[in-house]
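All remarks here apply to the structure that follows.
Every number here is computed from the coordinates shown, using simple stated rules; none is lab data. Please read all numbers here as calculations on a predicted model, not as lab measurements. As a convention, Cβ positions derive from the backbone with ideal geometry for all residues, glycine included, and neighbour counts pool all protein chains shown.
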Amino acid sequence: MITRGKLVTSWFCAAAFVVGPIVLVSSSAFADAIPVLPNQISVTAGATQLLEEGGAAAVFGLTVKNVSAQAIGITGVGFMIIKSGGPDPSDHVMGIMQTATTCPKNNLAANAVCTFTFDVTPVPGGSEPDLDFGMTSTMFTVTPNRGPSVSVTPRFTVRDDHASVTPEPATLTLLATGALGMAALKKLLRGIPNAR
């Protein structure tokens with residue numbers, strides 16, 4: 001038996017089932033009509049230097065250009081370490097610190113350029129027996145006072161602090177054995193007629 005409360009609830013659910021998609025479709029159609037402000041700035045990452053584990057911080061720069069037709073302001077810059085990898089992920093960037101900027105909070109003229117400067121610090125030196133390196137991917141995001149934020153993702157390489165070019169003793173032994181073998185072969189071939 002259908003009671004009055006159940007009948008009203010059933011009709012309400014049926015109406016919501018039919019009307020809900022119509023409301024969603026009509027409101028989502030307006031989302032495409034809202035204009036999206038294009039990028040007002042371009043951001044270029046400076047060259048990344050090879051960092052040495054336990055070494056001094058390297059200077060890294062970002063160049064920001066106002067690509068809009070009017071003056072804008074730069075409200076901030078953010079940065080984060082995304083991922084450490086490479087043959088030895090323990091060789092990575094330990095910290096990033098902003099040290100200077102020429103970017104104004106207001107009135108960066110059209111086509112004008114400003115910069116952000118950072119110190120990028122590698123991890124302290126370790127006592128690793130192997131000679132390897134690690135890579136750290138970072139993301140720097142610059143936010144203007146109008147328009148979307150723009151990001152760049154430079155990668156820093158950190159090598160071991162004792163990465164010299166001194167060969168190991170086994171390598172020197174192998175090289176000497178090869179040289180002696182070549183000398184013995186030449187002497188042997190010299191004694192055989194028509195061996196040239």
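Brief remarks on what is shown
- Extent along the principal axes, Cα only, for segment 41-159: 57, 21, 18 Å, with the longest axis given first.
- Selection of trypsin sites (Lys or Arg not before Pro), segment 85-157, meeting DSSP coil and at most 16 other Cβ within 10 Å: 105, 146
- Efficiency of FRET from Cβ geometry, residue 132 and residue 44, R₀ 30 Å, rounded to 0.05: 0.50
- Residues 90, 68, ranked from the fewest to the most other C-beta atoms within 10 Å, line up as 90, 68.
- Couplings 3J(HN,Hα) for segment 136-146, derived from phi with the Karplus relation 6.51 cos²θ - 1.76 cosθ + 1.60 (θ = phi - 60°), are 10, 8, 10, 10, 10, 10, 10, 10, x, 7, 8 Hz, where x marks Gly and Pro.
- For residue 132, distant residues with modelled amide H under 5 Å away: 160
- Beta bridges per DSSP with both ends in segment 51-191, % antiparallel, nearest 5: 95 percent
- Neighbour counts of other Cβ atoms within 10 Å put 82, 72, 192 in the fewest-to-most order 192, 82, 72.
- Neighbourhood charge, 14 Å Cβ-Cβ cut-off, centred on residue 74 and excluding it, Lys, Arg +1 and Asp, Glu -1: +3
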